Each structure stands twice: as C-alpha cells, then as structure tokens.
1. Name, by its number, the condition in (1) assigned to a loop (DSSP other than H, G, I, E, B); (2) open to solvent by 10 Å² or more (accessible area, probe 1.4 Å) that does not hold for M32.
2. Just checking, which of T69, T90 is β-branched (V, I, T) and either in contact with a strand residue (DSSP E or B) (Cβ under 6 Å, 6 or more places away or on another chain) or not in a helix (DSSP H, G or I) (or both)?
3. Please specify each residue of segment 78-96 satisfying the condition of being open to solvent by 80 Å² or more (accessible area, probe 1.4 Å) and either free of Cβ contacts under 8 Å to residues at least 40 places away in the same chain or of a type in the set (V, I, T) (or both).
4. Return a yes/no flag: does segment 37-58 have any residue that is part of a helix (DSSP H, G or I) and within 15 Å of L113 (Cα to Cα).
5. Considering segment 4-23 alone, what residues qualify as being out of contact with any Leu (no Cβ under 6 Å at 6 or more places or on another chain), open to solvent by 10 Å² or more (accessible area, probe 1.4 Å) and assigned to a helix (DSSP H, G or I)?
6. Going by the structure shown, is E74 within 20 Å of Y9 (Cα to Cα) and either part of a helix (DSSP H, G or I) or charged (D, E, K, R) (or both)?
7. Tell me which residues, restricted to segment 45-58, are surrounded by 21 or more Cβ atoms within 10 Å (Cβ to Cβ) and farther than 11 Å from V22 by Cα.
8. What is the number of the single condition among (1) closer than 15 Å to A58 by Cα; (2) touching a residue at least 60 places away in the same chain (Cβ under 8 Å) that D123 does not meet?
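The values are calculated or read from the model by the stated rules, or taken from the named source; none is laboratory data. Since this is a predicted model, take the numbers as computed values, not measurements. Cβ placement follows ideal geometry from the backbone for every residue including glycine, while neighbour counts extend to all protein chains displayed. Heads up: the accessible areas ignore ligands, DNA and RNA and are worked out on the full protein's heavy atoms, side chains in. Shrake-Rupley method; radii C 1.70, N 1.55, O 1.52, S 1.80 Å.
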Amino acid sequence: MKNKQAAKYFHGEEGLNCAQAVLKAFQPESGMTDFTIKSAQVAGGGRAKDGVCGALYAVQMVFGEGKATDDVVENFVKQNGSPLCQDIKTTECQCREYVRTATELAEKHIDMLDKENADYVFDRKIREVDMLVKPES
C-alpha cells in the first residue's frame, strides 16, 4: 500500500519531508524524477504555496487540477479540519499521519496516472516547474 510506503519514506533513510515522501510513493506510476523529488524539499514543513500541507501539495503535483485532487483535498479537510500546515501540524510525528492520509486518499485515483501518456507527462512537468520553482527574492 502506498500510504505505508509514504509513511516509511517520511524522515526515513533518505530523510524525505512530507511532500517528498508522497512524490516518492507515486514515483513508479507518475514517472516523477529523483531530481524533482529532491527539489520538493522546498514544499515541506509549511513552505508549500499558500501554506498548504506538503503532502497535499505533492498530491496536486502528481494529479494536477481536477476530480482526483479535489476529492483528496475535500476528504483530507473532512478528516483533519484544514488543508493548511500551520492549522494542523502540532508535531513531526503527526505529519507522518498526514502523509499517510493524503497518500491513502490519492491512491484511490491511481488509475489516472500514466507515465507513458505524453499528455500526462507534459502536464506533470509543467506542474513541477510551476509548483517547485521559487521566485527570486
């Protein structure tokens, strides 16, 4: 199960944060590169765009806009009260549960991922750039 994989990746041997752990769990299906997963370091610990939970942010990177992401966010908020890291994070241990939850909710839509589909790959690569590149300060 992806949720157990993602929870194991979170602060595991590779030291992945919440966003990276979710991306790594879906890497075989999404084709996400190791470089992108490493770059997602900027999206963990409450630093994802608009303060969104990094695990949810990673789901958005993998699935893009649409039904799958909307469903995951809606159910995540029902379970946890907010999509924002600052609203839900109290301890690092708790973050492991958010990684597990986001991954479990997203796994229901795994059939939408197709690393062999040129349109999916193109759209995913655009999301990677848009979501991970930080503007210069």
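1. (2)
2. Values: T69 fails: either in contact with a strand residue (DSSP E or B) (Cβ under 6 Å, 6 or more places away or on another chain) or not in a helix (DSSP H, G or I) (or both).
From the options T69, T90, the qualifying one is T90.
3. Passing the criteria: K78, Q79, D87, T90, C93.
4. First, the residues of segment 37-58 that are part of a helix (DSSP H, G or I): 37-43, 49-51, 54-58.
From what's left, within 15 Å of L113 (Cα to Cα): 58.
Taking every residue of segment 37-58 in turn, at least one turns out to be part of a helix (DSSP H, G or I) and within 15 Å of L113 (Cα to Cα).
5. K4, Q5, K8, C18, Q20
6. Working: within 20 Å of Y9 (Cα to Cα): no; either part of a helix (DSSP H, G or I) or charged (D, E, K, R) (or both): yes.
Here the answer is no, as E74 does not meet what is asked.
7. If we filter segment 45-58 for residues that are surrounded by 21 or more Cβ atoms within 10 Å (Cβ to Cβ), which is where we start, we get 48, 52-58.
Selection gives A48, V52, C53.
8. (2)
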